[in-house]
Amino acid sequence: MVDVPPISPGPTPPTPYRAGKALAEIIPPDRRRLKAALLVATSMVAGIAVWELGGIALELLRVERVMPNHPQVIEPYAVGHIGAARLSGPGGTITLPPARRTVVNVWLQGCSDCMPAFAAMATLDREGGLGADVPVINVAYGEADLAWAQRYGVATTLVFDPGGEKVVKPVGISTFTTLVVDPDGTIVHRDRPDRPGYAARVRTALGVRSPPVEPRSTTLPPGLPAERDGQPMQPLDHAAVERVVAAQRAGVKRACWERRPGDEERTVMNVTVMLAVGPNGTVDSTSSNGTDPVVAKCIEAQVRTWKFPASGTTTTINIPFKFVRE
């Protein structure tokens, strides 16, 4: 029998629980709750910041919609485009787009929906048209009778659009429509003649000034006295009207334009007031159209207080007002 010497276990290996270390160094503390709380707090702060920034952005958009910061606030916005076209008719052959900013009337002869617009054009034609030396083109859907067009004041440079393929359908026209077209084909204004204020709006889109004051019905009817209060009765002529308007215009501008709050962005205002002056010189009635209906009504109220020279007859007058903010 052989004697086997006992096996020595050898030295004990070092452990992390020794060498005088604290328990917190041996087992790291559980900080999961603290980290979760910090994450929740950070998320809440970020959410509040995003909410505030979103509110500021929405407010800026709202202000931009209410008070757009455009340098030319009265310039008509583009409302479409007209492509290249060559049209012929009784007015000859024309090419679109035009060489300069031009009025283009597009219509179908005799359509029931168009008749109020045709009637308005006939009235406008009898009263001198738009009151501006601007080119006008009339585009008829299909063909039209020249005599019929002359009757309704739409015969100037009359050309045809067979089947509506070149203008009517591409532009999306379904009734009598007036377009103001630029040389690049941009449609800067779209209107209809039987809408109140049509002529003033078209003139504004064309960039032309309103016509001068034009008194009408200025002849004395038979049977009226030639004198009143010892003064000779005379028709209310252009010079007499201009004197009254010149004396009142500055006051109207102050009352209706410069003192209007919340409209500082608008730089130009165009309003035309139509008034009937009675035989004794008082204003019997007024109507108006223009850029801003509120300003137009204010001007009407001012004009109704004016006093013109007595003429012995009722006189109808159109007075254009154009105010420019300095």
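The values are calculated or read from the model by the stated rules, or taken from the named source; none is laboratory data. Bear in mind the structure is a predicted one, so any value in this text is a computation, not a measurement. Positions of Cβ are generated from backbone atoms using ideal geometry, with glycine treated the same way; all protein chains shown enter the neighbour counts.
Please enumerate the residues belonging to the stretch 171-193 that are of a type outside the set (K, R), surrounded by fewer than 20 Cβ atoms within 10 Å (Cβ to Cβ) and in a loop (DSSP other than H, G, I, E, B).
Scanning the stretch 171-193 gives G172, S174, T175, D182, P183, D184, G185.
So which residues in the stretch 138-170 are out of contact with any helix residue (DSSP H, G or I) (no Cβ under 9 Å at 6 or more places or on another chain), assigned to a helix (DSSP H, G or I) and within 18 Å of G83 (Cβ to Cβ), if there are any at all?
Hits for the stretch 138-170 are P162, V168.
I'd like to check something: does the stretch 148-162 contain any residue that is of a type in the set (D, E, K, R), in contact (Cβ under 8 Å) with a residue 60 or more places away in the chain, assigned by TED's automatic domain parsing to the domain that holds T93 and buried (at least 18 other Cβ atoms within 10 Å of the Cβ)? Show your work before the answer.
Of the stretch 148-162, the ones of a type in the set (D, E, K, R) are 151, 161.
Pick out the ones that are also in contact (Cβ under 8 Å) with a residue 60 or more places away in the chain and you get 161.
Those left that are additionally assigned by TED's automatic domain parsing to the domain that holds T93: 161.
Adding the requirement that they be buried (at least 18 other Cβ atoms within 10 Å of the Cβ) leaves 161.
For the stretch 148-162, residues of a type in the set (D, E, K, R), in contact (Cβ under 8 Å) with a residue 60 or more places away in the chain, assigned by TED's automatic domain parsing to the domain that holds T93 and buried (at least 18 other Cβ atoms within 10 Å of the Cβ): present.
Within the stretch 104-111, identify whether any single residue is of a type outside the set (V, I, T) and surrounded by fewer than 16 Cβ atoms within 10 Å (Cβ to Cβ), and answer yes or no.
Just the residues of the stretch 104-111 that are of a type outside the set (V, I, T), to begin with: 105, 107-111.
Now narrow it down to the ones that are surrounded by fewer than 16 Cβ atoms within 10 Å (Cβ to Cβ): 110-111.
Yes, the stretch 104-111 has at least one match.
Spot the failing condition for P196; the list is (1) over 18 Å from G128 (Cα atoms); (2) modelled with pLDDT of 80 or more; (3) surrounded by fewer than 14 Cβ atoms within 10 Å (Cβ to Cβ), and only one is missed.
(1)
Taking interchain pairs and intrachain pairs at least six residues apart, which have beta carbon atoms under 8 angstrom, with the first residue in the stretch 278-294 and touching a residue at least 24 places away in the same chain (Cβ under 8 Å) and the second outside any loop (DSSP other than H, G, I, E, B) and hydroxyl-bearing (S, T, Y)?
N289/T272; G290/T272; T291/T204
Regarding T316, is this residue closer than 19 Å to T204 by Cα, of a type in the set (S, T, Y) and modelled with pLDDT of 80 or more? Before the answer, list the steps.
Details: closer than 19 Å to T204 by Cα: no; of a type in the set (S, T, Y): yes; modelled with pLDDT of 80 or more: yes.
When the stated conditions are applied, T316 does not pass them.
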